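These notes concern the structure reproduced below.
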Amino acid sequence: MDEASNGIPAAVQALIGVAQHAEESSFPIEMAYVYNTCAAVQNGNPLYWDEAVAREITHGWITPPTMMSVWFRPHYWVPGASGERLALQLHFDLKRLFDLPEAIIAGNETVFGVPVRPGDRLRAHQVLRSVSAVKTTRVGVGRFWVIDLECQNQHGEFVGRDSYDCFGYRRPAA
């Protein structure tokens, strides 16, 4: 491996900037999920509870922007599926490729586009943006990586991007 690669295997270098794990939400967006989410966090914003308010302000129902990642959380079980279903699969791929058993999400930033509306079918893919050289932190030795989850609706409109700063590591020997 050359010095410029920071010891990053070619298999991982080949992933940088390439869309991975394309998926579609497993059902059309529905307000029942919005009601449950808003109730769980006691979000009484009338935009999500009162159809007349939603019509006046946003020309109809929308979902809370912070729910974007909810639409891509896989159900534990679905008919016909096999194997483990994980959100942010690329993160787990990198843990395996680097043989780093532990990981944390060190930061998260979200950029919002058009609102998500009931009935929308969302599509998303994951993109590895960067991988650091080996780093030593208080929790262990490993690498940082940045993954973007890029989402669009059925019309191809940009819905949003979740960027995750991750740290995969191995704990120090006890």
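Specify the residue that is farthest from residue 66 (Cα to Cα); the eligible residues are those in segment 119-152 that are of a type in the set (S, T, N, Q) and in contact with a Lys or Arg (Cβ under 7 Å, 6 or more places away or on another chain).
Initially, segment 119-152 is screened for residues of a type in the set (S, T, N, Q), giving 126, 130, 132, 136-137, 152.
The next check asks that each one be in contact with a Lys or Arg (Cβ under 7 Å, 6 or more places away or on another chain); those that pass are 132, 152.
On the way: 132: 28, 152: 15 Å.
Among those that are of a type in the set (S, T, N, Q) and in contact with a Lys or Arg (Cβ under 7 Å, 6 or more places away or on another chain), it is 132.
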Members of segment 13-40 found to be among the hydrophobic types (A, V, I, L, M, F, W, C), within 16 Å of residue 119 (Cβ to Cβ), touching a residue at least 24 places away in the same chain (Cβ under 8 Å) and part of a loop (DSSP other than H, G, I, E, B), listed by number: 29
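Sort through 125, 155 and tell me the only one that's under 15 Å from residue 25 (Cβ atoms) and under 12 Å from the mean Cα position of the chain (by Cα). So that I can check it myself, show each step before the final result.
Numbers: 155 fails: under 12 Å from the mean Cα position of the chain (by Cα).
Within the list 125, 155, the selection yields 125.
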Every residue from segment 64-96 that is without any contact (Cβ under 8 Å) to a residue 40 or more places away in the chain, closer than 30 Å to residue 47 by Cα and in a loop (DSSP other than H, G, I, E, B): 64, 73, 87
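Out of 87, 106, report the one residue that is surrounded by fewer than 17 Cβ atoms within 10 Å (Cβ to Cβ) and at pLDDT below 95. Outline the logic, then answer.
Numbers: 106 fails: at pLDDT below 95.
Testing whether each residue is surrounded by fewer than 17 Cβ atoms within 10 Å (Cβ to Cβ) and at pLDDT below 95 leaves just 87.
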Which numbered condition residue 69 fails, given (1) crowded, with 16+ Cβ neighbours inside 10 Å; (2) of a type in the set (Ser, Thr, Tyr); (3) at pLDDT 95 or above: (3)
Boolean, residue 160 is in a strand (DSSP E or B) and touching a residue at least 12 places away in the same chain (Cβ under 8 Å): yes
Flag for residue 101 being surrounded by 14 or more Cβ atoms within 10 Å (Cβ to Cβ) and either under 30 Å from residue 60 (Cβ atoms) or at pLDDT 95 or above (or both): no
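Within segment 52-63, take every residue that is among the aliphatic types (A, V, I, L, M) and part of a helix (DSSP H, G or I) and give me the one that is surrounded by the most Cβ atoms within 10 Å (Cβ to Cβ). Even if it seems obvious, please write down each step before you answer.
Step one: list which residues in segment 52-63 are among the aliphatic types (A, V, I, L, M), which gives 52-54, 57, 62.
From the residues that got through so far, the ones that are part of a helix (DSSP H, G or I) too are 52-54, 57.
On the way: 52: 8, 53: 13, 54: 19, 57: 12.
Step by step, filter segment 52-63, then rank; the result is 54.
How many residues does segment 103-156 contain that are part of a loop (DSSP other than H, G, I, E, B) and within 16 Å of residue 88 (Cβ to Cβ)? Working first, answer last.
First, the residues of segment 103-156 that are part of a loop (DSSP other than H, G, I, E, B): 113-122, 132-134, 137-140, 153-156.
Next, only the ones that are within 16 Å of residue 88 (Cβ to Cβ) stay: 122.
Summing the residues that are part of a loop (DSSP other than H, G, I, E, B) and within 16 Å of residue 88 (Cβ to Cβ) in segment 103-156 gives 1.
The values are calculated or read from the model by the stated rules, or taken from the named source; none is laboratory data. Because the structure is a prediction, the values reported are computed rather than measured. With ideal geometry, Cβ positions are generated from the backbone for all residues, glycine too; neighbour counts draw on all protein chains shown.
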